[in-house]
2 protein chains.
Amino acid sequence: MKSVQEQMAVISRGAVEVLVVSELEEKLAQSIKTGVPLKIKAGFDPTAPDLHLGHTVLIQKLKQFQDLGHEVNFLIGDFTGMIGDPSGKSETRKALTREQVLLNAETYKEQVFKILDPARTKVVFNSSWMGPMSAAGLIALASRYTVARMFERDDFHKRFTGQLPIAIHEFLYPLVQGYDSVALQADVELGGTDQKFNLLVGRELQKQEGQRPQSVLTMPLLEGLDGVNKMSKSLGNYIGITEPAKEIYGKVMSISDELMIRYYELLSDADLNALQQVKDGVAGVSDGRHPMESKKALARELVARFHGEEAAEQAAAEFVQMFKQKEIPDDVAEIPFVASEPIWVCRLLTEVGLVASNGEARRLIQQGGVKLDGEKITDADLEISPSGEVVLQAGKRRFARVIFRSA
Amino acid sequence: MKSVQEQMAVISRGAVEVLVVSELEEKLAQSIKTGVPLKIKAGFDPTAPDLHLGHTVLIQKLKQFQDLGHEVNFLIGDFTGMIGDPSGKSETRKALTREQVLLNAETYKEQVFKILDPARTKVVFNSSWMGPMSAAGLIALASRYTVARMFERDDFHKRFTGQLPIAIHEFLYPLVQGYDSVALQADVELGGTDQKFNLLVGRELQKQEGQRPQSVLTMPLLEGLDGVNKMSKSLGNYIGITEPAKEIYGKVMSISDELMIRYYELLSDADLNALQQVKDGVAGVSDGRHPMESKKALARELVARFHGEEAAEQAAAEFVQMFKQKEIPDDVAEIPFVASEPIWVCRLLTEVGLVASNGEARRLIQQGGVKLDGEKITDADLEISPSGEVVLQAGKRRFARVIFRSA
């Protein structure tokens, strides 16, 4: 097993907060001494089994714990999922049947076992201890926390002061999540930064039960392809882990250099030394790795993770081939471009600096001297949708890869 | 069965609020038509089976419903009593064992069946439906109410704004009480004015379950012997229903005429006509009943209720005898006197107008001309504790019954 210091370096990578560091170091030291792995817990909602890279930030961290020799408990919160929200006020929480939950769990496993080692992962359902709990048991649990403490949770506070309804049972969910840690006797719980309050409830309930309180590790929410907003399906800025290899590869190649560093940090298996080389390359430090090389390596790693090595190799080859066919050099300058509405091609050519004026752009197009993603443009009034990226070519040698950002 | 109007007159007697009057009238009309009695519910705490007259206000109202032919459900809230308050913050709620609850229930029955007809009273325990409820069931129940609605309850609001802790499970108790009405399919629930919020929760939950919402009847908190504060053991201003016959009789005889009217209204079986005569007597209307006669009748009725007719007759005779022995006339003027500390006997004699000055009082005492409750006073420096009442006599014919009030 690695030393406490080495383990802490891996664990802290990309994390927002570790609470309490000294306690976690103590647990690690004890684990090294006794050979007993730590129990790592992370909870997942049973309603959304179609994962994107944003969801895998936590799973990647679980894998790191696993690689360090610890025991991962992948907790599916089916208890509350099966209750749903009978108040009917929230569209997001519909009661799931036992069958749906089990089906979702299978889909989950299929996906997360592309990252985690199935042999060293315990998949647990909180219905197994919450299901048999009586109303009296829940009342006893509820007596352990005050209303004022609940309002310390940011969203509750905001909704209350904003006069938006909070149903009473919403106060019970953090207690159920906290009790899950008691039931599992978790040593560490991971969650997004938005989970911090709930993770701390777990600590307190464990203390009250005479258990050693779990350490809490919060991970950031992953930015989407635009580099600004949180990755989410509804914003369309995501990479789904079941997307075709070519799509994943292309989307990773489209991100900015800064975002690439972030994805390396949070998603890659590359070790801390390799991560430093990526950062150095983007910063222009000599001995750093060339950003284009780093990006290709990341794209390959992620495709390989979800589709295997062969598919990754093929996606890489296809990507190169596509650029060759289109006679686009593979080190074209990247130009981020903020736009929320379709933009006139002549204006775009001018603004990214490929031509001096809209008039020059129009003439060049009419002469057949402008290409969009390797295809000649004939319509000088063309409007371009600002999504993903495009490669523009003006004349023989002037290229720009335009990466669109939403405003 | 009596008409709707006649029943409403009995039901409304002494009540603070009836919600909603038109609904209750409709229920009564239907009950008359179908011959099906209404289900009347009142809940009692299983922790305090040693009742005083304050507790019997509700029970008296239940008796009136019973006399009107309706079905009384005497609900013992043993479910929450058996949970207690594991937060340890409240000394008042300690978890009771099943045995204690059953023992308390027996003591309860012994006491309330002095008022209610056992044959027409259902004693129910809410543990019979709350015990089998699962944590999931309670969460579903909790989802039906919002935090903001809970804060409409006065005491929650005050505690929250006063930064006093409210444990989460305290928000669940009103829901449990409300659910009791659903489980019983109650038509009417009675409670003290402090229970109004909880009674209305019952209405809402019944509506949500598709039941006809219960009517709500709130009764006032009974004033204690001082006529000001709520009757309570801790204030010492109570008449316990297990006190000896002589004590009960004497205490009733000691109350003011105004308080007597109140006790008649809330505690007596005397009908509405008789009640009017008592009021007229105190108001000095001709044909009214003499207040002393009314008071004796009330004392007799209450002693008979808890100790039987014979004991009542004996207590009445002893009371008369005692006054005769002490040569105290039985229509001595009552003088309320506010004091919170022991008072010098000479000052008291002066202030109630039996003598002209403290000096005269001192001389009269030294001459053996002052009696306290029929006993000659010899010490002119005596201090009198301001509790209950005393009869003072100055000379042969001047009497005053001093009734102490706390400031």
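The interface between chain A and chain B buries about 2600 Å² of solvent-accessible area in total (1.4 Å probe, ligands and nucleic acids excluded).
Between A:Leu62, A:Leu392, A:Leu138, the residue with the greatest mean-square fluctuation in the GNM of chain A (Cα pairs under 10 Å linked by springs) is A:Leu138. Defining a contact as two alpha carbons under 8 Å apart and six or more residues distant in sequence, what relative contact order in percent does region A:145-286 show? With pairs under 8 Å counted, the relative contact order is 14 percent.
How large is the Kirkwood hydrodynamic radius of region A:163-318, in angstrom, based on all distinct alpha carbon pairs? This gives a value of 18.2 Å. Treating the point 7 Å from Cα along Cα-beta-carbon as the label, what are the nm separations from B:Glu375 to the other copies, to one decimal? Spelled out, the distances from B:Glu375's label point are 11.5 nm. Put a plus charge on the Cβ of each Lys and Arg, a minus charge on the Cβ of each Asp and Glu, and nothing anywhere else: the dipole of region A:283-407 about its Cα centre is then about 400 debye. Convex hull volume per residue, computed on the Cα atoms of region A:15-68, equals 97 Å³. Taking the Kirkwood radius as Rh and the Cα radius of gyration as Rg, chain B has a ratio of Rg/Rh equal to 1.04.
Distances longer than 26 Å among the Cα atoms of region A:69-195: what percent of all pairs is that? Percentage above 26 Å: 29.
In this Cβ point-charge picture (+1 for Lys and Arg, -1 for Asp and Glu), the protein assembly as shown has a dipole of about 200 debye about its Cα centre. What pairs in A:Lys326/A:Lys371; A:Lys109/A:Lys251; B:Lys246/B:Lys296; B:Lys2/B:Lys61; B:Lys41/B:Lys251; B:Lys296/B:Lys324 have C-alpha atoms more than 21 Å from each other? Listed pairs above 21 Å: A:Lys109/A:Lys251; B:Lys41/B:Lys251.
Reported value for region A:130-172: 75 Å³ per residue, from the convex hull of its C-alpha atoms. Each of A:Thr97, A:Ala119, A:Val176 was placed along the dipole of region A:54-184 (beta-carbon charges, centred on the mean Cα), and the one lying farthest toward the positive end is A:Val176.
Per the Cα gyration tensor, region A:1-152 maps to an equivalent ellipsoid with semi-axes of 30, 21, 15 Å, ordered largest to smallest. Divided by 2.2 N^0.38 Å, where N counts the residues, the Cα radius of gyration of region A:318-407 comes to 1.01. For the peptide A:154-165, the mean number of other protein chain Cβ atoms found within 10 angstrom of a residue's Cβ is 1.
Helix B:21-34 axis versus longest C-alpha principal axis of chain B: approximately 70°, rounded to the nearest ten.
Report, in degrees rounded to the nearest 10, the 0 to 90 angle that the Cα long axis of helix B:309-325 makes with the longest principal axis of chain B. Relative to chain B, helix B:309-325 is tipped by roughly 30 degrees.
Between A:Lys230, A:Lys246, A:Lys326, the GNM of chain A built on Cα springs shorter than 10 angstrom shows A:Lys326 fluctuating the most. For region A:263-324, relative contact order (Cα pairs under 8 Å, six or more residues apart, normalised by length) works out to 19 percent. Once each part is reduced to its C-alpha centroid, what is the distance from region B:316-343 to region B:101-120 in angstrom? After rounding, the separation between the Cα centres reads 35 Å. For chain A, the longest principal axis of the C-alpha atoms and the axis of helix A:272-283 are separated by about 40°.
With each label modelled as a point 7 angstrom along the Cα→C-beta vector, the B:Gln64-B:Val20 pair spans 2.3 nm.
In 20 Å bins starting at 0, how do the alpha-carbon pair distances of the protein assembly as shown split up by percent? Pairs per bin, as whole percents: 12, 30, 24, 17, 11, 5, 1.
Sorted from nearest, the other copies put their B:Gln100 label points 4.4 nm away, the label point being 7 Å from Cα in the direction of Cβ. Size descriptor for region A:236-364, Kirkwood hydrodynamic radius: 16.5 Å (Cα pairs only, one decimal). Using C-alpha pairs below 8 Å separated by at least 6 residues, the relative contact order for chain A is 14 percent. As a fraction of the 1.4 Å probe accessible area of chain B, surface on carbon and sulfur atoms comes out at 50 percent.
Across region A:131-235, the volume of the C-alpha convex hull divided among the residues equals 138 Å³ per residue.
For region A:213-274, the Kirkwood hydrodynamic radius comes to 13.1 Å, computed from all pairs of different C-alpha atoms. With R₀ fixed at 60 Å, the C-beta to C-beta distance from B:Arg212 to A:Ala333 puts the FRET efficiency at about 0.20. Placing a label point 7 Å from the Cα of B:Thr242 along the Cα-to-Cβ direction, the distances to the matching points in the other copies come to 6.9 nm, shortest first. In this structure the protein assembly as shown gives 45 Å² per residue of accessible area when probed at 1.4 Å with all protein chains present.
Mean partner shielding of peptide A:168-181, defined as the number of other chain Cβ atoms within 10 Å of each residue Cβ, is 4.
Distance from the Cα centroid of region B:198-270 to that of region A:156-183 is 39 Å (rounded to whole angstrom). Taking the Cα atoms of region A:104-179, the ratio Rg/Rh between the radius of gyration and the Kirkwood radius comes to 1.11.
Could you check which residue among B:Val188, B:Val72, B:Val147 shows the biggest mean-square fluctuation in a GNM of chain B with a 10 Å Cα cutoff? Taking springs between Cα atoms under 10 Å, the residue moving most is B:Val147.
Placing +1 on each Lys and Arg Cβ and -1 on each Asp and Glu Cβ, with no other charges, gives chain B a dipole about its Cα centre of roughly 360 debye.
The values are calculated or read from the model by the stated rules, or taken from the named source; none is laboratory data. Remember, predicted model here, so these are calculated numbers, not experimental data. Ideal geometry is used to build each Cβ from the backbone, glycine not excepted, and the neighbour counts take in all protein chains shown. Accessible surface areas use protein heavy atoms only, side chains included; no ligands, DNA or RNA. Shrake-Rupley method; radii C 1.70, N 1.55, O 1.52, S 1.80 Å.
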